[in-house]
Amino acid sequence: MSTIAETAFRGRTRRHMRVDGWRWAGRLFLVFMLLYTAVPMIWMLITSIKSGFAATQFPPQWWPDEPTLASYQKLLDPQNSVGQDFLRFFWNSLFVSTVTTILSVIVAVPAAYAFSRFSFPGRNFLFFAVLLRNMFPAVIFLVPLFILMRVLGLMNTHGSLILTYLTFGLPLAIWLLKGFYDNIPVQLEQAARIDGATRFQAFILIVMPLSTPGIIATAIYSFIGAWNEYIYAYTFLSKNDQLTLPVGIQRFFSENTTDFPGLMAASFMMSVPVVVLFLVLQRYFVRALTEGAVKH
Amino acid sequence: MTRITLGSAVLRGTVVTVLMASLMSTSALGAPPVDLSKWSPEYVRSIAGTQNFDTAADCAKVTPLDYKGRLTFWYQGVFEGDPDLLRQYYKDFFDTFRKTYPNIQLEEQALTYNDLLDKFRTALLGNAAPMAVRLQILGGTEFASKGYLEPLKPEDVGYSTDDFWPGAMKAVTWEGVPYGIPTNNETMAFIWNADIFKRAGLDPDKPPATWDDVVKYSKQIHDKLGIAGYGLVARKNAGNTPYRFMPQLWAYGGGVFDEATANPTYEEVELDSPQSKAALQASYDMYVRDKSVPVSALTNQQADNQPLFVAGQLGMMISHPSDYDVMLDLQKKATGTDKDKAQTVIDNMRYGLIPTGPDGKRAVVFGGSNIHILKPEYVEGGKVDEPAAKAIICMWTSPEWSLKMAYAGSNPGNLNGFKTKWMKERLDNIEFLDVTTSMLPYGIPFPALPQAPEIMNIIVPDMLQNALTGAMTVDQAADDAAKRVKELMGGL
């Protein structure tokens, strides 16, 4: 017959085993999810270093017999017409996405602050109205925006894309940032005001630093939205020197064939800025996600 | 490499005679320079390389070479996946145009196959279209009927209507008025892998004679080797789908209307006829009953079948002669053992005539592209530089360039292209070209109706998808498609 102490010990051991079991299951799940998300990227990379023929083989070559960087060389060679196009498209995308992001933040920061801190007639209605644009599929606005851009003389300019991207990037940015401002205690600003700061100074010196993670997260969302957008870019731009990457990448598809290694190399190159952005700013991004989750 | 005998193939049967008579019946200016009634691989060989043309001198009569102007121009471009040869010719064309007309400021825009029509439609709605456009054969009538296009005939750019396939001219004519000029025309062929045939117990050098054979062969290949037999294409909103399904539909005696007859009236919808249903049943049998076609057929276009074929995972498909050039390109760029494997695929490629229906009827889509000039009110800036537009159209549709621009995957729209030295060179260098030119007399143009793009790119693929996914029975899917066509046509 076991003693009370032995029984208690066995109970604790079973509980530990149960906890360890769940912990291991959690880890396995994480590994699975990691593989699930990483495999497409890895496959993209592997395909990009295959020859056109090897990329179509079945069963697929998990690692090419004859790896080649020919697709990357072609894309990065400014002497080659494919390279010239790719580098120009890359620069165009970078320009459009960066300007869109900067403008999004410049407009969204004060707008979200106003929605968070000021009370004015129709505030709630306006706040929800801001989101209306994002409740409809992008294609609905295609022709009206096309006509608007033509009337404004913005066809075949990057200005047409920047303006359009702001129409769906800004509402999201305003909503995201308002959530952050709501979580910053108003007492902090009041204390600064008591110490002699103006409202603007209190905003710049107190609120802005505290909302930095939110602003960065918002900027990343805006950048990615603009970086990946295809339909408007395809429709509004009709000059080779203006095209952006998502449109340019379509050129690897032909009527009856696809250049898979070229497509994968270009896709990989296209993902680099976004990955770098995340790597550099991820600590802000994580803070933004966690802080946004807790109501102070 | 074994090649099938084709000389007699084109002379076979009354279908050819009837079709040729139909094609020639629209001739307006007397005997055509190329005698279509003699059309055969031997005839094509006999006229190839017999005539020289001076393109710049010909086009100078249309637009002086020192003309100063500006032109915006959109076209379906060739891109990274296309054969190097074709890409080089496109580059050469624009370089030559700029040298020939140094004072015309050309702003050309290449667009991808599946997006060109949608982008063009949006641009038209926003009055921001280019001055000239080259569209797939299916598109011209839609835009002509809506009043977007200027009347334009071959005579306007120095050629004769007789210099072009009569069937192609039908595709650019709306209510008796031509609105464009054909740049290239082609028919596809049936391609199979001889090694797969051999391993599946089929004659490696003999294509299936009928569509019923295709179903049978596809099953046999799948059952014996566990790979897809036939490259079914059923993706929605992609031109590739009707190009592969309509030959089957017509061969069984069906049609959307009566477009497969000698003198179509397009008055009766025939998608729900027993013959059309038999064709749809054949696709159903391959996809659902036998599971002998790629499971991805519902989202496949030809660009997805080609890699399967290259990988030895697909026994048969319908495609252009360009597939052979694509394979040569892949082989050229491969290294090590891949080079040898690619050569094996090339050695096993076989081209043959597209199979017939149960009654011996053979059909193929008469494809191609046309070039058009827009009306000023729909063009960005409200002005069309007509001499500049005619200059590029004259050059593209010339015997020289209409051949070169179609070198690897199509045929010259201007029939005089068949007389050039480049045609002779092409016959010598491109394997299986005889087969695809032999299919030309079996070509059936899509109905020259404004509704044709929606019928072919949406309703026909929908019919296939409804049947293949089991959303509807074969009968219901065909009836539904017929009903939709009737509604679209305004309650015929």
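All of the numbers you see were taken from the coordinates with simple rules; none came from a lab. No experiment lies behind these values; they were computed from the predicted model shown. Here Cβ is always computed from backbone atoms with ideal geometry, including for glycine, and neighbour counts include all displayed protein chains.
All other residues whose Cβ lies under 10 angstrom from that of B:ASN240 are scored, Lys and Arg at +1 and Asp and Glu at -1, for a net of 0. Taking each residue as 0.36 nm, the span from B:SER46 to B:GLU175 lengthens on full extension beyond its C-alpha to C-alpha distance by 42.7 nm.
Across A:VAL31, A:VAL286, A:VAL19, mean-square fluctuation computed from a Gaussian network of chain A (C-alpha pairs under 10 Å connected) peaks at A:VAL19. Seen against the Cα atoms of chain B and their longest principal axis, helix B:474-488 is set at about 20 degrees. Measuring between their Cα centroids, the range B:165-220 and the range B:325-363 lie 14 Å from each other. Ignoring lysines fewer than eight residues from B:LYS236 along the same chain, the ones with Cα atoms less than 22 angstrom from its Cα are B:LYS119, B:LYS277, B:LYS291, B:LYS483, B:LYS486.
With K and R counted +1 and D and E -1, the other residues having a Cβ less than 13 Å from that of A:ARG12 yield a net charge of +2.
With K and R counted +1 and D and E -1, the other residues having a Cβ less than 15 Å from that of B:GLN476 yield a net charge of -2. A straight Cα-to-Cα reach below 28 Å connects A:LYS178 with the lysines A:LYS295, residues fewer than 8 places away in its own chain not being considered. Computed from label points 7 Å out along Cα-Cβ, the spacing between A:GLN84 and B:ASP428 is 3.2 nm. With all projection directions averaged, the alpha carbon convex hull of the range B:49-200 covers 12.9 nm². Footprinting exposure proxy ranking of B:SER410, A:SER267, fewest other C-beta atoms within 10 angstrom first, gives A:SER267, B:SER410. So which residue, out of A:GLY225, A:GLY11, A:GLY248, gets the largest mean-square fluctuation from a GNM of chain A using Cα contacts under 10 Å as springs? The residue with the greatest mean-square fluctuation here is A:GLY11.
Report the antiparallel proportion of the DSSP beta bridges in chain B as a percent, rounded to a multiple of 5. Among the beta bridges of chain B, antiparallel pairing accounts for roughly 55 percent. Answer rounded, prolate or oblate for chain B, using the Cα gyration tensor with square roots of eigenvalues a ≥ b ≥ c: rounded when a/c is under 1.5, else prolate when a/b is larger than b/c, else oblate. Cα axes put chain B in the prolate bin. How far, in degrees from 0 to 90, does helix B:84-100 lean away from the longest principal axis of the Cα atoms of chain B, to the nearest 10? Approximately 10 degrees, to the nearest ten. Once Rg and the Kirkwood radius are both taken over the C-alpha atoms of the range A:37-109, their ratio Rg/Rh works out to 1.18. DSSP assigns beta bridges within the protein assembly as shown; of those with both partners inside it, close to 60 percent run antiparallel.
Rounded to the nearest 10 degrees, the angle from helix B:336-348 to the longest Cα principal axis of chain B is 80 degrees. Working note: Debye formula, equal point scatterers on the alpha-carbon atoms of chain A, no solvent; log10 I(q)/I(0) at q = 0.07, 0.10 Å⁻¹ is -0.43, -0.76. Across the options A:LEU188, A:THR164, A:THR37, the greatest Cα extent toward the positive end of the charge dipole of chain A (unit charges at beta carbon of Lys, Arg, Asp, Glu) belongs to A:LEU188. Between A:THR218, A:THR258, A:THR37, the residue with the greatest mean-square fluctuation in the GNM of chain A (Cα pairs under 10 Å linked by springs) is A:THR37.
For a paramagnetic label modelled on B:ASP340 (point 7 Å from Cα along Cα→Cβ), amide N atoms under 20 Å away belong, within the range A:48-73, to A:51-68. Here B:LYS383 is the anchor, and the aspartates and glutamates within straight C-alpha reach of less than 20 Å, apart from those fewer than 8 places off in the same chain, are B:GLU107, B:GLU108, B:GLU150, B:ASP156.
On the beta carbon distance between A:ILE106 and A:MET44, with R0 = 51 Å, the FRET formula returns roughly 0.90.
Give me the percent relative contact order of the range B:388-492, please, defined on Cα pairs under 8 angstrom at least 6 residues apart. Averaging sequence separation for qualifying contacts and normalising by length gives 14 percent for the range B:388-492. Using just the helices of chain B, give the 222 nm mean residue ellipticity in deg cm²/dmol: DSSP H runs with n ≥ 4 each add -39,500 (n - 2.57), and the total is spread over all residues, rounded to 500. Mean residue ellipticity, 222 nm, calculated: -12000 deg cm²/dmol. Exceedance of the 21 Å cut-off in Cα-Cα distance is limited, within the set B:LYS198/B:LYS224; B:LYS38/B:LYS419; B:LYS38/B:LYS424; B:LYS404/B:LYS424; B:LYS91/B:LYS375; B:LYS339/B:LYS404, to B:LYS91/B:LYS375; B:LYS339/B:LYS404. Dividing the mean sequence gap of close Cα pairs (under 8 Å, 6+ apart) by how many residues chain B holds gives a relative contact order of 28 percent.
Approximating the spin labels as points 7 Å out from Cα along Cα→Cβ, the B:LYS206-to-A:LEU210 distance works out to 8.6 nm. Shape class of the range B:33-102 from the Cα gyration tensor (axes a ≥ b ≥ c, square roots of the eigenvalues): oblate, since a/c reaches 1.5 or more and a/b does not exceed b/c.
Mean separation of Cα pairs under 8 Å and 6 or more residues apart, divided by the residue count, gives chain A a relative contact order of 27 percent.
Which of rounded, prolate, oblate describes the range B:76-147, given a ≥ b ≥ c as roots of the alpha-carbon gyration tensor eigenvalues and a/c under 1.5 marking rounded, otherwise prolate only if a/b is larger than b/c? Because a/c hits 1.5 or more and a/b fails to exceed b/c, the range B:76-147 counts as oblate.
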